[in-house]
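Coordinate-derived values only; no laboratory data. Quick caveat: nothing in here was measured; it's all calculated off a predicted structure. Positions of Cβ are backbone-derived with ideal geometry, glycine not excepted, and every protein chain shown enters the neighbour counts.
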Amino acid sequence: MNIPEQRIQIALQKSGRLTDHSLDLLSRCGLKFTRSRDQLFCYGENMPIDILLVRDDDIPALVSDDVCDLGIAGLNVVHEKRLQIGTDEQPAMFDQVYSLDFGHCRLAIAAPKDTEYCGPSTLQGSRIATSYPASVAEFLQQHGIDADIVYLSGAVEIATRLGRADFICDLVCTGSTLAANQLREVQTVFESNAVVIQTRAPLSQTKQDLVDRILQRVNGVLQVQESKYVMLHAPRSALKEIAALLPGSESPTIIPLEGFDDKVAIHVVCRENVFWETLENLKAVGASSLLVLPVEKMLV
Ligand code: PRT
Ligand code: ZN
């Protein structure tokens, strides 16, 4: 039987833009779980791993405080909390270990449509409404700007119309929310996507092994997303040209073809997507019988 100390806890967003993608990533890592009735907890059935479902804003602190061993949150939240809970002497106790291909957005400054903007210096002496005060303060400091930050926990996009601020700084994806509020995006503070964070707290060997194992699987899932297994026939003389055309490939397997002295089969894993143009270029240097297959799992 597993004693609780030997199970690891992963914090995910309970309900929002990151939830389905995060649960899907863990399923693809081979984790099977049952969700508790109150929907706050998922019990790992086939591995000693449990999932805590919480607000995304709480995830960095839970991982930093070693309540959870791993977490998935937006870089926007992770960066803000890193600035808020960490100091120069005592940085936040988590490391960002993987960048994920979902939750894409950007933290950006927006201005009323008719406000002129000529770079960060325009912000000097202004009031900027945001839910990301530490990130905005860092941006202003990096550009040597002195401005007032007005903290709002929500509805930031109406702050300029209410006369509370001259600019806002908020997350933007398609930009339609800004447009609906007669705002214009003028400055990107940083690009964001979901990230995996890991506690820096020392773990027992059993837990550390489990954390390493799940992270290795996350790495495998990320690697296969773009990877393709390519098979083709080619003249031996074209091997060099073919290797140069295959994107992100490492040491291809060369197999002799029965009945042909000068022709071989080449099998290779490409770590990048293989486009039609690549296949056409391969054909042009003598390749034939080209096959591109998806890779389901990879352990490197
Ligand atoms: O309850 P909880 O606190 O967990 O949820 P939440 O409401 O804080 O989070 P949620 O689900 O809205 O977002 C979770 C994470 O998704 C964010 O922290 C970001 O990392 C990421 N993300 C990606 C976004 C967006 N895209 C996004 N568009 N988060 C918020 N938005 C907002 C944006 O600010 C705007 O108000 O969605 C609105 C629509 O955006 P446009 O530009 O497409 O109009
Ligand atoms: Zn939130």
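May I ask you to compute the full-extension gain from GLU226 to GLU241, defined as 0.36 nm times their residue separation minus their alpha-carbon distance, rounded to one decimal in nm?
3.2 nm
Please work out how much length the chain gains when fully extended from GLN39 to PHE102, using 0.36 nm per residue of separation minus the C-alpha to C-alpha distance, in nm with one decimal.
Stretched fully, the GLN39-PHE102 segment lengthens by 20.4 nm.
Would you calculate the separation in nanometres between label points at VAL67 and LEU257, each defined as 7 Å from the Cα along the Cα-to-beta-carbon direction?
Computed distance between label sites VAL67 and LEU257 equals 6.2 nm.
What FRET efficiency, computed as 1/(1 + (r/R0)^6) with R0 = 51 Å and r the Cβ-Cβ distance, is obtained for LEU293 and GLN208, rounded to the nearest 0.05?
Calculated transfer efficiency: 0.90.
How about region 256-300: which chymotrypsin sites (Phe, Trp or Tyr not before Pro) there lie in a loop by DSSP and see at most 15 other Cβ atoms within 10 Å?
PHE260, PHE275
Sort 80-91, 215-226 by the packing proxy (mean of other Cβ within 10 Å over each peptide's residues), most packed first.
215-226, 80-91
Considering only DSSP beta bridges whose two residues both sit in the chain, what percent are antiparallel, to the nearest 5? Can you show the working numbers first?
Numbers: 47 of 62 bridges.
Antiparallel: roughly 75 percent of the beta bridges in the chain.
Could you please state, rounded to a whole Å, how far the C-alpha centre of region 199-270 is from the C-alpha centre of region 79-98?
35
If I take R0 = 51 Å and measure r between the Cβ atoms of GLN90 and ARG184 in this structure, what FRET efficiency does the formula 1/(1 + (r/R0)^6) give, to the nearest 0.05?
Efficiency at R0 = 51 Å is approximately 0.80.
Given the C-alpha atoms of the chain, compute the convex hull and give its volume per residue in Å³. Before the final figure, lay out each step's value.
On the way: hull volume 60.0 nm³, N = 300.
Output value, Cα hull per residue: 200 Å³.
Compute the distance from the alpha-carbon center of region 112-140 to that of region 38-53, in whole Å.
41
How high is the relative contact order of the chain, in percent, counting Cα pairs under 8 Å that sit 6 or more residues apart?
18
What FRET efficiency comes out for the pair SER121/GLN6, r = Cβ-Cβ distance, R0 = 51 Å, nearest 0.05?
0.40
Give me the count of lysine pairs in the chain whose alpha carbons sit under 16 angstrom apart, restricted to pairs 8 or more positions apart or on different chains.
So the count of such lysine pairs works out to 4.
Along its three principal axes, how long is region 105-192 when you only count alpha carbons? Whole Å, largest extent first please.
31, 28, 25
At 4 °C and 1.567 mPa s, what whole-number value in µm²/s does Stokes-Einstein give for the translational diffusion of region 228-294, with Rh from the Kirkwood sum over Cα pairs?
Rounded, D is 111 µm²/s.
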